Amino acid sequence: MTLSFGINQPALAYSMTTLGAGMMNNIFNFYYVKLFLNQYKISEGAFNQAQVVFMIWNAINDPLFGYIQDNSRVPWCSKRRFAILYGAPFYALAFLLPWFPWKSYKEGDWLSGAHLMVALCIFDGMLTFVLLAQCALFAEISTKHESRLQLIKYNQVASLLGSSSILFCGLVSENMEKFSNFQTFTVLIAVAATACMCYTGVFGVSQYEQRESSLERYKTENDLSCSSIYKLTKQILTQRNFILFVSMNFFQVLHATFCSNFMMIFADNLIPKDAIPSLVRSIMYGAGFIFPQLLVLISHSVLTRNGYYKVILYGFYVEAFAAVCMLIVGPQHYYVLAVFLTMNMVLVNASFSIFNLPLADIVDADMEKYKRKSPISSMVFGTNALFTKPAQSLAPMLVVALLNQFGYEHLTSSADQPEPSLFLGLHDAMFYMTCLIPLGIAIAQVVIWTPYTIRSSHLSPLT
């Protein structure tokens with residue numbers, strides 16, 4: 001990698017997509033559930049229908065786009081930076097879909113369900129197309145562990161800046177209370193994100209694109225066929241480390257989605273408004289997205305010395321211990337609960353931020369095992385998403401169903417004004433879900449992740 005004025009140019013180009021995508025994704029995941037449940041008054045049936053359609057599309061599009069990007073002969077699709085460059089504007093437009101209602105929705109309006117379904121599917125489709133190319137770029141910019149750590153470092157700085165969108169969005173819109181301000185802010189974010197991703201599209205050149213011999217890949221690679229897709233997917237799925245990683249990652253996506261979708265809802269219900277000021281709440285919500293990047297940056301030397309395997313494993317132990325402590329303390333200590341909610345989200349997102357390292361190692365192992373001329377990076381990342389992305393739909397579906405068992409749909413209903421005492425059971429359920437879901441997930445992840453064997457890539461000599 002070359003340096004210019006102390007700046008790692010390939011890492012900077014790579015990280016600009018993270019900056020743009022982070023600004024949009026954090027706002028999307030943090031606000032869309034609350035928007036459709038509380039403001040658009042979507043029914044539980046319509047919400048679940050949209051999530052089921054989204055889950056199916058979410059699982060299909062990743063390996064499909066991954067295979068197309070790895071095997072297409074069209075440069076705007078097969079070249080990683082071109083896929084980002086041309087996909088960025090459509091990705092930004094898809095981000096704006098949820099925030100502008102198609103009409104004034106009434107409670108249970110079927111159109112709000114259709115709106116959610118379209119918004120989720122189109123947004124995820126464009127997100128997949130752009131970010132799969134970026135993930136492949138991570139594995140293909142360099143095969144050196146130290147170089148990949150530099151990518152992680154720049155990526156976390158970009159993610160830190162991108163995560164601040166949650167903080168500023170909360171301050172500008174008063175946590176979505178001023179909805180017109182919220183809409184204006186999202187438009188500005190979409191424009192800024194497009195510009196960031198286009199920078200990657202212009203300057204994000206991989207080592208394979210730089211080699212003249214690799215240009216033949218775009219002309220002579222296998223045809224797009226079902227048999228070829230089946231063969232490559234089977235080869236990926238025969239790697240034991242890939243199966244272990246994907247299984248662990250499924251629970252990580254489930255946990256991360258649970259945190260991002262319901263942190264605000266649980267905090268608003270479990271912590272009285274007079275207990276914690278609105279400004280502190282905004283900072284708390286923003287910290288859940290900003291502090292993970294700071295934690296990874298601070299842990300850079302630990303990653304270099306100990307490798308990602310131990311860092312990820314110890315993170316699971318900390319999550320489980322924190323959940324047990326919160327159960328013991330109880331829900332009445334509001335500031336402790338606020339710290340726990342924030343810390344839980346920080347740990348989950350911090351671990352998630354370094355998952356490209358094991359996936360890149362798996363790409364290298366696949367390339368070496370099958371003696372490939374060039375890596376099938378997009379397919380490896382896409383196949384991972386095939387099995388993990390359904391968790392993004394399962395988490396809100398299951399949690400909303402559980403909450404509604406305790407009367408949450410009446411809490412958000414404009415027609416009813418029930419007594420607060422009726423929701424004591426709901427608040428208890430929220431508290432136990434806040435503690436027991438992270439605890440159960442952490443235990444499952446420890447069991448799954450322990451047998452993973454690629455543990456010494458950080459010790460490989462740099463050449």
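Readers should treat all values here as calculations from the given coordinates under stated rules, not as data from a laboratory. As the structure is a prediction and not an experimental result, all values here were calculated from the model. Heads up, the Cβs are rebuilt from the backbone with ideal geometry, glycines too, and the neighbour counts pull from every protein chain shown.
Just rank SER43, SER377, SER173, SER260, fewest to most, by other beta-carbon atoms within 10 angstrom.
Working: SER43 16, SER377 29, SER173 20, SER260 26.
Ascending Cβ contact count within 10 Å gives the list SER43, SER173, SER260, SER377.
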From the phi angles alone, apply the Karplus equation (6.51, -1.76, 1.60; θ = phi - 60°) to segment 113-126 and give each ³J(HN,Hα) in whole Hz, x where the residue is Gly or Pro. x, 5, 4, 4, 4, 5, 4, 5, 5, 5, 4, 5, x, 6
Relative to the first principal axis of the alpha-carbon coordinates of the chain, what is the inclination of helix 226-237, with its axis defined by its Cα atoms, in degrees from 0 to 90 and to the nearest 10? 80 degrees
Karplus-derived HN-Hα couplings along segment 53-59 (A = 6.51, B = -1.76, C = 1.60, θ = phi - 60°), whole Hz, x at Gly and Pro: 4, 4, 4, 5, 5, 4, 6
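Checking the a/c ratio against 1.5 first, then a/b against b/c, what shape does the Cα gyration tensor give for segment 146-196? Walk me through the intermediate numbers first.
Details: a/c = 6.21, a/b = 2.35, b/c = 2.65.
Taking the square roots of the gyration eigenvalues as a ≥ b ≥ c, segment 146-196 is oblate.
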With the Cα gyration tensor of segment 14-114 giving a ≥ b ≥ c as the square roots of its eigenvalues, does the rule (a/c under 1.5 for rounded; else a/b larger than b/c for prolate; else oblate) give rounded, prolate or oblate? prolate
Likely footprinting exposure, LYS41, LYS373, LYS389, fewest C-beta neighbours within 10 Å first: LYS373, LYS41, LYS389
Can you work out the FRET efficiency for the pair ARG455 and LYS273, with r the C-beta to C-beta distance and R0 = 41 Å, to the nearest 0.05? 0.30
Length-normalised contact order of the chain, Cα under 8 Å, at least 6 apart, in percent, tallies to 28 percent
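What's the local net charge at THR200, with K and R +1, D and E -1, over the other residues with C-beta under 11 Å away?
+2
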Counting other beta carbons within 10 Å of each residue's own, what order do CYS325, CYS196, CYS259 fall into, fewest first? CYS325, CYS196, CYS259
Rounded to the nearest 500, the 222 nm mean residue ellipticity computed for the chain from DSSP H runs (n ≥ 4, each -39500 (n - 2.57)) alone is -26000 deg cm²/dmol
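Please give the contour-minus-distance gain from HIS427 to SER228: 0.36 nm per residue of separation, less the Cα-Cα distance, rounded to one decimal in nm. Could you put the intermediate results ahead of the total?
Values: separation 199, 0.36 × 199 = 71.64 nm, distance 5.16 nm.
Computed gain between HIS427 and SER228 is 66.5 nm.
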Could you state the angle between the C-alpha long axis of helix 300-329 and the longest principal axis of the C-alpha atoms of the chain, as a value from 0 to 90 degrees rounded to the nearest 10? 20 degrees
Using only Cα atoms and rounding to the nearest 10 degrees, what angle (0 to 90) does helix 390-405 make with the longest principal axis of the chain? 10 degrees
